[in-house]
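Quick notes on the structure that follows.
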Amino acid sequence: MDTERKIIRVEPTSPSIAITWTIGSRCNYDCMYCPTELHDKTSAHSDLDQLKAAWQSIYQKTKHIGLPYKVSFSGGEVTANRSFLPMIRYLRNGEFDMAQILVSTNGSASLNYYKKLAEVVDAISFSVHGEFIQEKIFFDKILQINQLMVRPKKSLHVDIMDEFWNQDRIGLYRSWCKVHDISHSVNRIDYQHVIQNKTYPILKGAYDLDTI
């Protein structure tokens, strides 16, 4: 006779201290659906000393636990901060037990920048924003960086924003990712936070990805 089984507890196979770190709200994009508390074009970037001090505060309070760290970085736009890449190198090359470093970015930095970033992080998530995208440049970066982020040790993912005015392009992006065997998802947008002009889209990127 089968007895009912209940899930009592779920534990990670490799215990770690998981941290989500929003290093600032400064962003070079101004997507109409992004809440103002998550982005702006005026706030100052934290410099390298400030970022190191923030990390040391976390580290000194948690190192006694004896677990490795899994740190996910987001913004704003992290790559807009000139201190971000040096900060990642500081974490990777220091005395800290870094199990994973994960980064979310809008893909606007240069290909050379992302090549350097791919050397020192474990996962990069690129988000697709139709108001600002330069399709050929963006997806060329994805293709080249994906070759550096080789699974299972590393990973690359494409987050396609589910913009209601951009459904035809979203279909093209999904097909492109499937053809090139690139991890991707379509992310639902909460439009309740929209406080800008009601004409959509406010801006339109370079839609020049004609073929897959």
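The values are calculated or read from the model by the stated rules, or taken from the named source; none is laboratory data. All of these numbers come straight from a predicted model, not from anything done at the bench. Cβ atoms come from the backbone with ideal geometry, glycine included; neighbour counts cover every protein chain shown.
Table for the structure above
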| quantity | calculated |
| --- | --- |
| Number of the exception - I8 against (1) surrounded by 14 or more Cβ atoms within 10 Å (Cβ to Cβ); (2) more than 30 Å from D140 (Cα to Cα) | (1) |
| Selection from the stretch 118-142 of residues that are part of a strand (DSSP E or B) and either touching a helix residue (DSSP H, G or I) at 6+ places or on another chain (Cβ under 7 Å) or of a type in the set (D, E) (or both) | I124, F126, V128 |
| Output for the stretch 28-70, where each listed residue is within 30 Å of L203 (Cα to Cα) and exposed (fewer than 14 other Cβ atoms within 10 Å of the Cβ) | P35, T36, E37, K41, T42, S43, A44 |
| Hits in the stretch 164-176 - residues which are in contact with a helix residue (DSSP H, G or I) (Cβ under 9 Å, 6 or more places away or on another chain) and either outside any helix (DSSP H, G or I) or farther than 23 Å from D190 by Cβ (or both) | L172, W176 |
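Residues checked against (1) at pLDDT below 95; (2) among the β-branched types (V, I, T); (3) surrounded by fewer than 20 Cβ atoms within 10 Å (Cβ to Cβ):
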site	(1), (2), (3)
I124	no, yes, no
V128	no, yes, no
I137	no, yes, yes
I142	no, yes, no
Q147	no, no, yes
P152	yes, no, yes
L156	no, no, no
W165	yes, no, yes
